[in-house]
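Okay, so here's the structure we're looking at.
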Amino acid sequence: MSVPDAHLSDKRPETERVGFHATVDVRWSDMDVYQHINHARMVTLLEEARIPWLLVDGRPTANLRHGAVIADLHVKYRGQLRHEDGPLDVFMWIDAVRAVDFVVGYEVRARGASLDTPAAVVASTQIAAFDIDAQRLRRLTPTEREFLLSWQRV
């Protein structure tokens, strides 16, 4: 599932920009031979950005750190990001919530770039709640669902 253009911040009025901002540092090792952030490292930076939003103590979704799997991932590059562009600004929101999973949308911009600036990277991850002991998907709890829905764009 890719993020629809209508959900991107630079395509929406400022009053409809529901989302969580995180900054992530770019390490020298994140660069590839072409001097921009390597694809595999970008996926790691997206993960690092969503941890303080969804998986820290006190969040209703914190229990997902003990059992969740990435079911789907899409990354679209609209521009290059380099080491000197960091720390990167990652803007995230919930795109969909279902019984056992949810979709996180991302926009990644260089440090200091406005939400009115097109994102250099647009991505989405489908994350499914997982019961490690039973080795199967589990339903999201009502508390998890409520928290996730509070960050959803419609």
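Figures for the structure shown
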| read-out | value |
| --- | --- |
| Packing-based ranking, highest mean first, of 80-91, 97-108 given that Cβ atoms within 10 Å are counted | 97-108, 80-91 |
| Accessible solvent surface per residue of region 55-154, calculated while the other protein chains remain in place, 1.4 angstrom probe, Å² | 49 Å² |
| Gaussian network model of the chain, springs between alpha carbon atoms under 10 Å - residue of THR61, THR44, THR23 with greatest fluctuation | THR44 |
| Cα-based equivalent ellipsoid, region 70-154: semi-axes from gyration tensor eigenvalues, Å | 29, 14, 10 |
| Per residue Cα convex hull volume in Å³ - calculated over the chain | 116 Å³ |
| Reciprocal mean inverse distance between Cα atoms of region 17-71 - Kirkwood radius, Å | 12.9 Å |
| Acute angle (nearest 10 degrees) that the helix 39-54 long axis makes with the longest principal axis of the chain, alpha-carbon atoms | 50 degrees |
| Carbon plus sulfur fraction of accessible area for region 16-69, probe 1.4 Å, in percent | 54 percent |
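The values are calculated or read from the model by the stated rules, or taken from the named source; none is laboratory data. This structure is a prediction, so every number in the text was calculated from the model and none was measured. Note: ideal-geometry Cβ built from the backbone for every residue, glycine included; neighbour counts use all protein chains shown. Accessible surface areas use protein heavy atoms only, side chains included; no ligands, DNA or RNA. Shrake-Rupley method; radii C 1.70, N 1.55, O 1.52, S 1.80 Å.
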